[in-house]
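One structure below.
The values are calculated or read from the model by the stated rules, or taken from the named source; none is laboratory data. Values in this document were obtained by computation on a predicted structure and should not be read as measured data. Virtual Cβ from ideal backbone geometry, glycine too; neighbours counted across all protein chains shown.
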Amino acid sequence: MATAMEPPRLLVVDDNPHFSQLVGSVFEGKAEVLLAPDGEVGMRLALDKAPRVILLDLRLPKVSGLEVLRGLQSEPRTRAIPVVLMTGNPLDPAARERLEREPNVRALLQKPISPQDLLREVTKAMETGEKRV
């Protein structure tokens, strides 16, 4: 957990290096940004680094974002970490509602995501850690 002196950790699990670079620039000076190019690395970093928030793409190589989410929920060390989900695929309203009801999901963002929306939703999850209503 971050102290007053060190910034909170944000784990970005996304296979798009351009998006990861954007996140790094948006959170420069605000968070320590850890990058995982796939779900397998994302799970390992979540367990090893205890991030404050996880920004998780649903479509990933090796292990899908949904599998990562389930893995986080089943592990006592990671089940309470707030997750902001992202997808570039259209979701029907029922699928969106199911994902938003997951216990550790704080937001579901549709790509492309503006830097302002990204900053707002991740910062909200970092500050409150609470499930939005």
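So ALA107 fits all but one of (1) under 20 Å from LYS124 (Cα atoms); (2) over 13 Å from the mean Cα position of the chain (by Cα); (3) among the aliphatic types (A, V, I, L, M); what number is the exception?
(2)
Of all residues in region 17-43, how many are over 14 Å from the mean Cα position of the chain (by Cα) and either basic (Lys, Arg) or within 23 Å of THR128 (Cα to Cα) (or both)?
5
Being of a type in the set (A, V, I, L, M) and either more than 18 Å from ASP14 (Cα to Cα) or over 14 Å from the mean Cα position of the chain (by Cα) (or both) is the filter; apply it to region 65-95 and report the residue that is surrounded by the fewest Cβ atoms within 10 Å (Cβ to Cβ).
Filtering region 65-95 for residues that are of a type in the set (A, V, I, L, M) and either more than 18 Å from ASP14 (Cα to Cα) or over 14 Å from the mean Cα position of the chain (by Cα) (or both), the one surrounded by the fewest Cβ atoms within 10 Å (Cβ to Cβ) comes out as ALA94.
For region 1-73, give me every one of the strands (runs of 3 or more DSSP E) that falls completely inside it and has 2 or more residues that are more than 20 Å from ARG98 (Cβ to Cβ).
Per the criteria, 9-13, 32-36.
Given the residues VAL23, VAL63, which is the only one that is at pLDDT below 95 and of a type in the set (A, V, I, L, M)?
None of the other options fit; the residue is VAL63.
Taking region 120-133 as the region of interest, how many residues are among the basic types (Lys, Arg) and in a loop (DSSP other than H, G, I, E, B)?
Result for region 120-133: 2.
Within region 74-119, which residues are under 25 Å from SER25 (Cα atoms), aliphatic (A, V, I, L, M) and part of a loop (DSSP other than H, G, I, E, B)?
Across region 74-119, the qualifying residues are ILE81, ILE113.
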